[in-house]
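What follows is one structure encoded as C-alpha cells, with my remarks underneath.
Just so it is clear, none of the values below were taken in a lab; they were calculated from the coordinates. From a predicted model like this one, the values you see are computed outputs, not experimental measurements. All Cβ positions, even for glycine, are placed from backbone atoms using ideal geometry, and neighbour counts span all protein chains on display.
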Amino acid sequence: MSNILDQIVEKTAEDLAKRRRKVSFNDFNSFQGFEKESISFKGALRDNESVSIISEVKKASPSKGIIRPDFDPVDIALRYEEGGASAISVLTDQPFFKGDLKYLEAISNRVKLPLLRKDFIIDPYQMKEAKAYGADAALIIVAITEGSQLNELLHAAREFELDALVECYDQEDFNRINFELVDILGVNNRDLKNFEVDVHRGIGILQQAPEGTVLVSESGLSSGKDLALLQKEGIHSALIGEYFMRQDDPGQAIKDLIEQTEEEFERLQKEKEDVEHG
Ligand SMILES: O=C(O)c1ccccc1NCC(=O)[C@H](O)[C@H](O)COP(=O)(O)O
C-alpha cells in the first residue's frame, strides 16, 4: 500500500484514538442504532431485475475536492430513495471526504433503505460505531488490512448484524479473500495512483468470484451505457457518488439513469440477437 490510502489510514488511526477516549466500546450499547433492526443490504442489491443502484452521499473527495458545496445529506438521501435507489452509501470520513457519522444517524432516522457506512475501517470499534449510528452495512477495504485483520473485521461486522461490502482495488486484494466469509464483493474501478477509472478492469476481477457472491462495481460510473454493460456481464449492483452529487436533483438523475440503462440494455440484447441470427 503506497498511495492516498496510506495518508487516509494514518489520519483515521489518529482520529479513532481520539474518539475512543471520548466514547468507550461499551458506551455504544445505549446508542439509538442498537434499537433498530438491521435491514438486509445484500437482499436489497439482489432484489432487482436490472443493475441495482447504491447511491452515495458524498460532499468531497481526494480526487475532486468539494463536489457539492450546497450539501444537505438528508435531503439528498430522501431524493435518492424517491428516485429508486436500492441502498444508500454514506461517507463518514471527515478529513478527506467531508463526511460525518451524524449524517448517517440523521439519514437513518428519515430513510427506509439500507445504509452502508463508507469509511476506512481498520478496527472492530468502527464496526460497532457504524451500528450505533444506524448503518446496516459497512465497507471493508482489503488493501488497508494486514494479516488476520480482514477476517477480524468480517467477524465484527457479523457480531453487530452488519452486512460487509468487501472492496478490492486489484487482483492481489482479490486473492487474499476467503469467500467462505464474504458474500458481497466490490471492485473499485479507480486506480489510486492516478485516479483514472476503468470499469472493464473491475468487471474482470468481479467475474472471478464464486457463484452466489453479490457483485458491486464502484466508482466512475455515470451513464446508462456503463450500467447496461454491467448488467450484461452479470454484475448485480453499481455504486455511484460523484455523478449524482453533481446533478441539481439527484433523485431525478437516478430515474433518468434507470430509464437510460433499460433502453441501452435492450439495444445490446437486440444487437446480440441480430449477430446470432446472422
Ligand atoms: O473518490 C475518491 O477520490 C477516492 C479517493 C481515494 C480513495 C477512495 C475514493 N473514493 C471512495 C469511493 O470508493 C467512491 O466514493 C465510490 O466508489 C463512488 O465513486 P464515484 O461515483 O466515482 O464518486
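Dipole size of region 239-278 about its Cα centre, with +1 on Lys/Arg Cβ and -1 on Asp/Glu Cβ: approximately 140 debye, rounded to the nearest 20. Residue pairs exceeding 20 angstrom between C-alpha atoms, taken from LYS36/LYS255; LYS11/LYS131; LYS22/LYS128; LYS98/LYS255; LYS58/LYS118; LYS18/LYS102: LYS36/LYS255; LYS11/LYS131; LYS98/LYS255.
By the count of neighbouring beta-carbon atoms within 10 Å, fewest first, MET245, MET127 end up ordered MET245, MET127.
Using only DSSP helix segments of four residues or longer, with each worth -39500 (n - 2.57), what per-residue ellipticity at 222 nm results for the chain after dividing by its residue count and rounding to 500? Spell out each step's value before the answer.
Values: 11 runs with 117 residues, N = 278.
-12500 deg cm²/dmol, from helical runs alone.
For a paramagnetic label modelled on PHE34 (point 7 Å from Cα along Cα→Cβ), amide N atoms under 18 Å away belong, within region 92-128, to 105, 124-128.
If you count, for each residue, the other Cβ atoms within 10 Å and average over each peptide, how do 269-275, 218-224 line up from highest to lowest?
Values: 269-275: 10.0, 218-224: 20.7.
So the peptides 269-275, 218-224, ranked by packing, come out 218-224, 269-275.
Packing here is the average count of other Cβ atoms within 10 Å per residue, and on that basis the peptides 134-141, 233-240, 30-37, highest first, run 134-141, 233-240, 30-37.
Of the residues LEU257, SER52, ILE144, the one whose Cα sits farthest toward the positive end of the charge dipole of region 4-276, with +1 on the Cβ of Lys and Arg and -1 on the Cβ of Asp and Glu, is ILE144.
The modelled label-to-label distance between ARG176 and HIS155, using points 7 Å beyond Cα along the C-beta direction, is 1.8 nm. GLN260 to ARG46: FRET efficiency via 1/(1 + (r/R0)^6), r the Cβ-Cβ distance, R0 22 Å, to the nearest 0.05? Between GLN260 and ARG46 the formula returns 0.50.
For the chain, what is the charge dipole size about the Cα centre, in debye to the nearest 20, if Lys and Arg each add +1 at the Cβ and Asp and Glu each add -1 at the Cβ?
1000 debye
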